[in-house]
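*Asks:* Sharing a structure below in structure tokens format, with a few things to ask.
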Amino acid sequence: MLKETAKKRLSEYNSIIKETDELYRKIAKTLDLSDCTFWILYILREDSEILTQSEICSAIYQPKQTINSALKKLQNDGYIELKEMNDRRSKQVVLTLKGKQLAEKTVDKVIIVEQKALAELTEEEQKTFIGLFRKYTDLFKNHISELSED
């Protein structure tokens with residue numbers, strides 16, 4: 001069983017995660033974007049601007065149907081194009097000029113703010129922060145299998 005101090009730390013960690021999620025929800029709302037649309041634009045700008053629907057699902061951890069609905073709306077509004085690939089079941093998502101302009105006014109600004117916040121940590125703090133966060137997430141993922149063993 002967890003010690004009392006570990007329980008408090010876990011509670012604080014969960015509170016921070018929820019606070020961060022709420023910050024992003026508020027940002028999306030302020031930018032007049034749905035959460036899913038925000039994250040689709042974000043990942044397209046963060047990566048190569050050309051990803052498949054499947055890659056977007058994997059990158060933002062949203063259900064395929066949620067992603068597909070958001071992509072359909074983005075396509076209908078002229079922000080993206082869905083381009084056929086060799087495998088007809090898979091399509092590339094490409095920002096149109098209108099989509100790039102929307103991203104510049106919205107998610108690009110968020111990415112800059114995130115970069116500024118991270119840059120205020122020392123190089124060592126950045127490595128420690130990312131390293132520990134990754135380690136905890138991997139350990140948590142490994143222990144999830146124990147839930148089905150009961």
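The values are calculated or read from the model by the stated rules, or taken from the named source; none is laboratory data. Values in this document were obtained by computation on a predicted structure and should not be read as measured data. With ideal geometry, Cβ positions are generated from the backbone for all residues, glycine too; neighbour counts draw on all protein chains shown. To get the accessible areas, we keep the full protein, side chains included, count just its heavy atoms, and leave off ligands, DNA and RNA. Shrake-Rupley method; radii C 1.70, N 1.55, O 1.52, S 1.80 Å.
*Asks:* Residues being part of a helix (DSSP H, G or I) and open to solvent by less than 70 Å² (accessible area, probe 1.4 Å): count how many of those fall in the range 41-55. Break it down stepwise before answering.
*Replies:* Here is the first cut: in the range 41-55, the residues part of a helix (DSSP H, G or I) are 41-46, 53-55.
Then drop every residue that is not open to solvent by less than 70 Å² (accessible area, probe 1.4 Å), which leaves 41-45, 53.
Looking only at that region, the number is 6.
*Asks:* Please find, among GLN126, GLN101, GLN92, the residue that is modelled with pLDDT of 95 or more, of a type in the set (S, T, N, Q) and under 27 Å from SER54 (Cα atoms). Give the steps one after another, and end with the answer.
*Replies:* Details: GLN126 fails: under 27 Å from SER54 (Cα atoms); GLN92 fails: modelled with pLDDT of 95 or more.
Of GLN126, GLN101, GLN92, the one residue that is modelled with pLDDT of 95 or more, of a type in the set (S, T, N, Q) and under 27 Å from SER54 (Cα atoms) is GLN101.
*Asks:* Within the range 102-114, identify whether any single residue is open to solvent by less than 50 Å² (accessible area, probe 1.4 Å), over 22 Å from THR30 (Cβ atoms) and more than 17 Å from the chain's Cα centre (by Cα), and answer yes or no.
*Replies:* no
*Asks:* Follow-up question, since we're still on this one. Every residue in the range 84-99 that is without any contact (Cβ under 8 Å) to a residue 12 or more places away in the chain and closer than 21 Å to GLU46 by Cα, please.
*Replies:* To start, the set of residues in the range 84-99 that are without any contact (Cβ under 8 Å) to a residue 12 or more places away in the chain comprises 84, 86-89, 97.
Across the range 84-99, the qualifying residue is only LEU97.
*Asks:* Next question. Mind listing whichever residues of the range 3-12 are in a helix (DSSP H, G or I) and either touching a residue at least 60 places away in the same chain (Cβ under 8 Å) or open to solvent by 90 Å² or more (accessible area, probe 1.4 Å) (or both)? Break it down into steps so the answer makes sense when it comes.
*Replies:* Just the residues of the range 3-12 that are in a helix (DSSP H, G or I), to begin with: 4-12.
Answer for the range 3-12, where residues must be in a helix (DSSP H, G or I) and either touching a residue at least 60 places away in the same chain (Cβ under 8 Å) or open to solvent by 90 Å² or more (accessible area, probe 1.4 Å) (or both): GLU4, LYS8, ARG9, GLU12.
*Asks:* Among the residues in the range 23-38, are any surrounded by 10 or more Cβ atoms within 10 Å (Cβ to Cβ), among the aliphatic types (A, V, I, L, M), within 23 Å of LEU132 (Cβ to Cβ) and modelled with pLDDT of 95 or more?
*Replies:* yes
*Asks:* Looking at the range 56-90, which of the residues that are more than 20 Å from the chain's Cα centre (by Cα) and basic (Lys, Arg) is least open to solvent (accessible area, probe 1.4 Å)?
*Replies:* Of everything passing the filter in the range 56-90, LYS83 is least open to solvent (accessible area, probe 1.4 Å).
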